[in-house]
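Asker: What follows is a single structure, and I will ask about it in a moment.
The values are calculated or read from the model by the stated rules, or taken from the named source; none is laboratory data. Since the structure is predicted, the reported quantities are computational estimates derived from the model, not experimental observations. Every residue, glycine among them, receives a Cβ derived from its backbone with ideal geometry; neighbour counts consider all protein chains shown. For the accessible areas, the whole protein counts, side chains as well, though only heavy atoms, and no ligand, DNA or RNA atoms are used. Shrake-Rupley method; radii C 1.70, N 1.55, O 1.52, S 1.80 Å.
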Amino acid sequence: TATPLNFDPGARRDRFPTPIGVRHPTPFSSSYRRSVKILYLNGPNLNLLGTRQPEIYGRTTLADIEAHLTEVAKQHGATIKLRQSNHEGDLVSWIQEAGLAGEPIVLNAGAYTHTSIAIHDALRAAERPVVEVHLSNVFARESFRHHSYVSPAAAGVICGFGANSYALALEAICDLVGSRG
Ligand code: CA2
């Protein structure tokens, strides 16, 4: 029977030689599973969360969200890194870094969701699992929020559940990358 071209069981072993007498973990053994790092990226104005417009975005701050996600991620055998920037280029650079590091991405690009071809291109180039999140239900708001440049490059979208959208996205991305603790 033919071996798939992309299947190379010796590849890890060659790069990380196993000392004699030590059983090397295989993709099928429990000790092989490394903790997945999930990158949470947040776009413009999301640093204001919890301090302005609570009727739309709630009273939870980004720091509160980060603390909660850190705890929940542990139960999934994952870790999270949360970043926020008001600058489009920062988000593009962080997406590129995630691509190189092999990190899955949860992205709330804020208003750039509706405008940024640069973020769309970066997500496509990164070739990583992406879950798009929004605090508000963008489809129940102005029509200019109904189009997303992120969605076509994402596995799925979660919106409208306030801060809980971020926790639901953690479930979704862990499911996508097979991290179950
Ligand atoms: O609902 C979301 O998560 C949004 O991504 C939030 C963006 C908006 O442009 C998107 O259409 C939907 C706006 C983020 C602004 O965040 C603020 C938070 C608190 C106070 C003021 C702004």
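Asker: Take the conditions within 16 Å of the ligand (Cβ to nearest atom) and crowded, with 22+ Cβ neighbours inside 10 Å and apply them to Asn108. Does it pass?
Answerer: Taking the combined requirement at face value, the residue satisfies it.
Asker: Scanning region 133-166 for residues that are part of a helix (DSSP H, G or I) and more than 9 Å from the ligand (Cβ to nearest atom), which turns out farthest from the chain's Cα centre (by Cα)?
Answerer: Ranking the qualifying residues of region 133-166, first place goes to Ser143.
Asker: To continue, here is another question. Need the failing condition index for Gln96 against (1) open to solvent by less than 60 Å² (accessible area, probe 1.4 Å); (2) in a helix (DSSP H, G or I); (3) under 14 Å from Ala126 (Cβ atoms); (4) not β-branched (Val, Ile, Thr), just the number.
Answerer: (1)
Asker: Continuing with this model, one more query. With the condition kept exactly as written, say whether any residue in region 120-128 is part of a loop (DSSP other than H, G, I, E, B) and touching a residue at least 60 places away in the same chain (Cβ under 8 Å).
Answerer: No, region 120-128 contains no residue that is part of a loop (DSSP other than H, G, I, E, B) and touching a residue at least 60 places away in the same chain (Cβ under 8 Å).
Asker: Just to be sure before I move on: is Gly89 closer than 23 Å to Phe144 by Cβ, more than 9 Å from the ligand (Cβ to nearest atom) and in a helix (DSSP H, G or I) in the structure I sent?
Answerer: So Gly89 passes the test.
Asker: Sticking with this structure for a sec: From Ile65, Ile56, which residue is modelled with pLDDT of 95 or more and either in contact with a helix residue (DSSP H, G or I) (Cβ under 6 Å, 6 or more places away or on another chain) or part of a helix (DSSP H, G or I) (or both)?
Answerer: Checking each option against the conditions leaves just Ile65.
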